[in-house]
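After the structure tokens below, expect a handful of questions from me.
The values are calculated or read from the model by the stated rules, or taken from the named source; none is laboratory data. Everything quoted here is computed from the prediction, not taken from an experiment. All Cβ positions, even for glycine, are placed from backbone atoms using ideal geometry, and neighbour counts span all protein chains on display.
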Amino acid sequence: MISRRNFLRGAASFVAGSLAMSSYAFGVEPLLRLAVSRYRLNPAGWPAGLQLRICALADIHAVAPAMTTDRIRAIAATANALKPDLTVLLGDYSRGHTLGWPISAREWAPALGTLRAPLGVHAVLGNHDWWDDRAAQQSGHGPTLAQSALEASGIAVYHNNSVRLVKDGQPFWLAGLGDQLALLRSPRLGRMILTGLANLDGTLGQVTDDAPVILMAHEPDIFPKVPSRVSLTLSGHTHGGQVRLFGYSPIVPSNFGNRFAYGHVHEDGRDLVVSGGLGCSNVPLRFGVPPELVVVELGYPETAV
């Protein structure tokens with residue numbers, strides 16, 4: 001039989017451990033940590049001799065005091081120090097929760113405008129960039145405030161379009177989808193209806209030669225429809241579930257659950273990398289999936305990175 005003293009000691013230890021974990025999840029991991037996750041891939045169809053380093057930033061969710069413009073500038077400086085050939089922004093710049101003070105696009109976009117890469121900085125929009133824009137919701141189209149602010153800061157924004165780039169004399173295509181959950185519509189029977197603006201066929205239809213294609217898509221749920229013509233798909237949105245233990249996320253904002261929750265996914269000869277993102281959505285906490293910058297190296301020798 002457990003004595004009262006031992007029971008109280010156990011209960012006190014449990015409470016102390018719970019408080020410590022809560023403090024870490026709310027006050028340390030989301031605010032003070034910044035990881036760099038690296039992937040070295042040689043996807044099917046990627047030409048020999050074309051080495052490309054990509055830095056991906058996702059789900060910034062600018063809001064004070066958690067993700068201020070100063071912190072965004074510091075993250076951008078870290079990204080620049082990784083010396084990517086190409087930097088991509090994978091959507092959701094607007095705040096994702098109501099705790100804190102909103103930061104306007106005219107403030108956070110110039111902070112992202114400090115990003116630098118020889119082949120440029122390229123972006124797609126995320127669902128929150130649409131949801132937080134009342135005018136765009138009413139009209140059903142952009143440009144959104146986020147898009148206008150990013151473009152004013154020198155960042156190209158893709159909405160179902162593709163561009164041909166060249167590295168060391170070898171071409172490749174960078175394609176960017178419109179958001180798959182862009183428009184909120186009146187609920188029916190208590191259920192919100194989401195309408196996407198992604199046009200995968202139209203986007204890839206702009207590719208005019210056999211050079212490899214890299215696809216930016218905020219939500220990873222499009223991946224089962226992505227043809228093998230695309231060498232790599234880059235996504236965010238899931239935040240890795242924001243809580244991730246032993247490779248499992250209890251809650252994932254995806255119709256596919258943990259299948260596309262986080263990291264490198266290889267299916268049917270195709271490759272997807274899902275970033276855990278930088279900010280928070282719904283609840284400002286992270287546990288087991290710290291804010292991260294993602295570096296993907298294509299065409300390099302398959303050795304440890």
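Taking the range 225-256 on its own, how many of its residues are in contact (Cβ under 8 Å) with a residue 12 or more places away in the chain and surrounded by fewer than 14 Cβ atoms within 10 Å (Cβ to Cβ)?
Residues flagged as in contact (Cβ under 8 Å) with a residue 12 or more places away in the chain and surrounded by fewer than 14 Cβ atoms within 10 Å (Cβ to Cβ) within the range 225-256 amount to 5.
Right, another one. Given the conditions (1) surrounded by fewer than 14 Cβ atoms within 10 Å (Cβ to Cβ); (2) modelled with pLDDT of 95 or more, which single one is not true for ASN160?
Of (1) surrounded by fewer than 14 Cβ atoms within 10 Å (Cβ to Cβ); (2) modelled with pLDDT of 95 or more, only one is false for ASN160: (1).
Right, next: With the condition kept exactly as written, say whether any residue in the range 153-172 is closer than 21 Å to ARG40 by Cα, over 20 Å from the mean Cα position of the chain (by Cα) and part of a loop (DSSP other than H, G, I, E, B).
Looking through the range 153-172, at least one residue is closer than 21 Å to ARG40 by Cα, over 20 Å from the mean Cα position of the chain (by Cα) and part of a loop (DSSP other than H, G, I, E, B).
Restricting to the range 105-115, give me the number of residues that are part of a loop (DSSP other than H, G, I, E, B) and closer than 14 Å to ALA156 by Cβ.
2
Can you spot a residue in the range 274-285 that is under 29 Å from ASP70 (Cα atoms), of a type in the set (A, V, I, L, M) and surrounded by fewer than 20 Cβ atoms within 10 Å (Cβ to Cβ)?
yes
Which condition does ALA135 not pass, out of (1) of a type in the set (A, V, I, L, M); (2) touching a residue at least 40 places away in the same chain (Cβ under 8 Å); (3) more than 26 Å from VAL213 (Cα to Cα); (4) not in a strand (DSSP E or B), if it passes all the others?
Here ALA135 clears every test but (2).
Might you let me know whether the range 108-116 holds any residue that is surrounded by 15 or more Cβ atoms within 10 Å (Cβ to Cβ), farther than 23 Å from ALA79 by Cβ, in the same structural domain as ILE60 (by TED's automatic domain parsing) and in contact (Cβ under 8 Å) with a residue 24 or more places away in the chain?
No: the range 108-116 contains no residue that is surrounded by 15 or more Cβ atoms within 10 Å (Cβ to Cβ), farther than 23 Å from ALA79 by Cβ, in the same structural domain as ILE60 (by TED's automatic domain parsing) and in contact (Cβ under 8 Å) with a residue 24 or more places away in the chain.
Ok, one more. Over 24 Å from ALA123 (Cβ atoms) and assigned by TED's automatic domain parsing to the domain that holds LEU112: which single residue out of SER249, SER235, SER275 fits that description?
Going through SER249, SER235, SER275 in turn, the sole match is SER249.
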